[in-house]
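The values are calculated or read from the model by the stated rules, or taken from the named source; none is laboratory data. Values in this document were obtained by computation on a predicted structure and should not be read as measured data. Cβ: placed from backbone, ideal geometry, glycine included. Neighbour counts: every protein chain shown.
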Ligand SMILES: [Zn+2]
């Protein structure tokens with residue numbers, strides 16, 4: 001809760017922000033002694049009383065002052081704390097990685113951060129401290145960052161780092177790159193051509209020159225990490241960057257096990273393509289969230305026949321060559337069957353949800369082989385799905401290992417062998433015609449899609465509430481009988497409500513942001529939020545409700561963060577009506 005720090009953008013736990021001290025610092029940032037006044041450890045003073053004397057407040061009170069502290073080891077039996085002094089300007093306090101309930105401050109400095117080498121300690125410390133301090137405050141980890149771990153630290157939600165470690169290492173001849181650290185003496189040829197490395201190559205080892213290179217590498221990696229957050233691809237970058245050491249890879253796996261920490265911060269939608277290139281990708285919240293919503297929020301239309309299809313490289317699937325062939329082959333039977341696409345790593349994509357993120361924007365290395373973990377995940381999801389959604393007959397137009405996997409699991413279906421050749425498509429055509437004999441005809445498939453997408457975003461029952469009574473489809477929009485828009489699915493697969501549509505959803509009580517007694521304009525700022533649904537994540541369509549206003553907007557932060565924050569844009573408003 002600070003007036004000196006604001007988060008501007010988010011990409012999962014990673015954030016871009018601004019620290020308003022003497023000069024405005026764009027975070028994540030490398031800070032130095034020029035940016036703050038550190039009163040230091042109690043041992044720097046003649047006495048503890050002297051340490052507690054008021055801090056000098058020069059420069060119009062906007063100098064960041066880090067209060068004195070008692071240094072302690074990473075694991076201690078008892079924490080010794082000093083009383084927190086009042087300051088007029090921005091205040092930094094040193095917090096222990098594992099213990100204590102930190103007092104109010106603007107910047108939190110993690111004590112002993114430089115000792116966090118063990119992945120369990122690192123993840124435990126960052127998650128623990130982040131959970132103990134407000135989200136709209138900055139977290140500084142001194143003496144920890146190197147070019148190889150920096151992107152991961154940013155991903156975890158660290159806002160401030162410094163050059164302490166890489167400069168100290170230079171005095172021991174340690175040469176840093178994004179691939180790790182090695183002794184300068186080990187190199188036959190330096191991999192960097194910066195001015196410092198050219199000098200090192202010519203004049204030999206020198207600590208100051210080596211420090212110049214190390215700091216430059218750190219600065220370059222910071223620029224890369226910031227750009228990755230802006231492009232909403234920090235996760236993809238981190239998944240490849242952590243490969244440089246087993247410790248970093250272990251740390252990524254451990255943070256993925258902190259499901260609540262990550263889930264609470266993972267946006268509903270990203271502009272970037274989700275690359276599922278690694279084993280860790282299977283654990284991504286975007287993937288588990290999608291699968292979980294298909295199983296819990298989504299309900300398949302009442303249908304007698306299920307058609308199982310493989311995914312395609314091109315998304316949405318229906319725009320791909322193979323799926324266009326499947327559509328032609330199923331022909332008029334299509335009105336009598338429901339289509340479910342089997343894919344890794346999303347497991348199941350009902351046809352109606354193929355435009356929803358990340359179903360419409362993921363990419364995965366295709367080898368035709370399904371490893372044990374992928375198979376288990378797919379079958380677990382398929383089993384739960386078929387328990388909830390019952391069909392009389394199943395046609396499986398799958399091939400290779402995917403067909404074998406489903407067959408071996410004992411799913412009772414007509415197996416066509418899959419494929420897109422003429423004979424394969426004839427087999428598909430014959431199988432569905434046979435299966436659809438006597439089957440019930442499905443309702444309006446376009447409305448079915450809106451119902452599914454609305455349930456996906458707002459919870460079970462949302463689709464029925466939105467489509468109640470007489471409604472009509474106009475382009476991408478659904479209108480009520482008077483021609484007033486209710487809801488549309490945008491070209492990027494997100495849902496957009498009108499105030500009329502929001503009124504229909506309001507009784508369900510989901511995705512609502514309650515605001516104070518005012519009429520907001522443009523953006524709704526966090527201090528104006530009285531209460532917000534805990535389920536809300538960045539990118540969600542939300543309903544704004546107050547004594548003087550009702551409308552819709554797009555969330556810029558999670559619901560819990562809106563309630564907790566004192567600064568920053570909570571919701572980008574779209575349509576607001578005065579009451
Ligand atoms: Zn260099």
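Tabulated results
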item: Tally of residues being in a helix (DSSP H, G or I), out of contact with any helix residue (DSSP H, G or I) (no Cβ under 6 Å at 6 or more places or on another chain) and surrounded by fewer than 24 Cβ atoms within 10 Å (Cβ to Cβ) across segment 149-170; result: 4
item: Lone unmet requirement of (1) touching a residue at least 24 places away in the same chain (Cβ under 8 Å); (2) within 30 Å of residue 223 (Cβ to Cβ); (3) within 34 Å of the chain's Cα centre (by Cα) for residue 23; result: (1)
item: Residue 496 vs. criteria in a strand (DSSP E or B), closer than 29 Å to residue 272 by Cα and touching a helix residue (DSSP H, G or I) at 6+ places or on another chain (Cβ under 8 Å); result: no
item: Residue that is farthest from the ligand (Cβ to nearest atom) [pool: residues in segment 184-198 that are touching a residue at least 12 places away in the same chain (Cβ under 8 Å) and part of a loop (DSSP other than H, G, I, E, B)]; result: 187
item: Enumerated helices (runs of 4 or more DSSP H) restricted to segment 225-283, each holding at least 1 residues that are touching a residue at least 40 places away in the same chain (Cβ under 8 Å), out of contact with any helix residue (DSSP H, G or I) (no Cβ under 7 Å at 6 or more places or on another chain) and closer than 18 Å to residue 357 by Cβ; result: 234-241
item: Filter pass, residue 254 being surrounded by 20 or more Cβ atoms within 10 Å (Cβ to Cβ) and either within 30 Å of residue 16 (Cα to Cα) or in contact with a strand residue (DSSP E or B) (Cβ under 8 Å, 6 or more places away or on another chain) (or both); result: no
item: Some residue of segment 394-401 being in contact with a strand residue (DSSP E or B) (Cβ under 9 Å, 6 or more places away or on another chain) and under 30 Å from residue 232 (Cα atoms); result: no
item: Residue pairs meeting the criteria (Cβ under 8 Å; at least 6 apart or on separate chains; first in the same structural domain as residue 312 (by TED's automatic domain parsing), in segment 397-411; second modelled with pLDDT under 95); result: 400/368; 401/368; 401/369; 401/370; 402/370; 405/370; 405/375
item: Which listed residue is at pLDDT 95 or above, in contact with a strand residue (DSSP E or B) (Cβ under 8 Å, 6 or more places away or on another chain) and either farther than 26 Å from residue 492 by Cα or surrounded by fewer than 22 Cβ atoms within 10 Å (Cβ to Cβ) (or both), from 544, 515; result: 515
item: Subset of segment 434-472 [assigned to a helix (DSSP H, G or I) and surrounded by fewer than 16 Cβ atoms within 10 Å (Cβ to Cβ)]; result: 434, 445, 446, 464
item: So residue 87, is it more than 28 Å from residue 146 (Cβ to Cβ) and assigned by TED's automatic domain parsing to the domain that holds residue 135; result: yes
item: Filter result for residue 94 (in contact with a helix residue (DSSP H, G or I) (Cβ under 7 Å, 6 or more places away or on another chain), in contact (Cβ under 8 Å) with a residue 24 or more places away in the chain and closer than 30 Å to residue 155 by Cα); result: no
item: Criterion violated by residue 328 - all others in (1) in a helix (DSSP H, G or I); (2) within 31 Å of the chain's Cα centre (by Cα); (3) farther than 29 Å from residue 540 by Cβ satisfied; result: (2)
item: Any hit, segment 290-299, residues being under 29 Å from residue 264 (Cβ atoms), within 20 Å of the chain's Cα centre (by Cα) and free of Cβ contacts under 8 Å to residues at least 12 places away in the same chain; result: yes
item: Selection status of residue 124, touching a strand residue (DSSP E or B) at 6+ places or on another chain (Cβ under 7 Å) and surrounded by fewer than 24 Cβ atoms within 10 Å (Cβ to Cβ); result: no
item: Flag if residue 223 is within 16 Å of the ligand (Cβ to nearest atom), under 29 Å from the mean Cα position of the chain (by Cα) and under 22 Å from residue 28 (Cβ atoms); result: yes
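Every residue, every condition in (1) under 21 Å from residue 27 (Cβ atoms); (2) away from the ligand (no atom under 13 Å from the Cβ), yes or no:
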residue: 171; (1), (2): no, yes
residue: 200; (1), (2): no, no
residue: 216; (1), (2): yes, no
residue: 243; (1), (2): no, yes
residue: 249; (1), (2): no, yes
residue: 256; (1), (2): no, yes
residue: 265; (1), (2): yes, yes
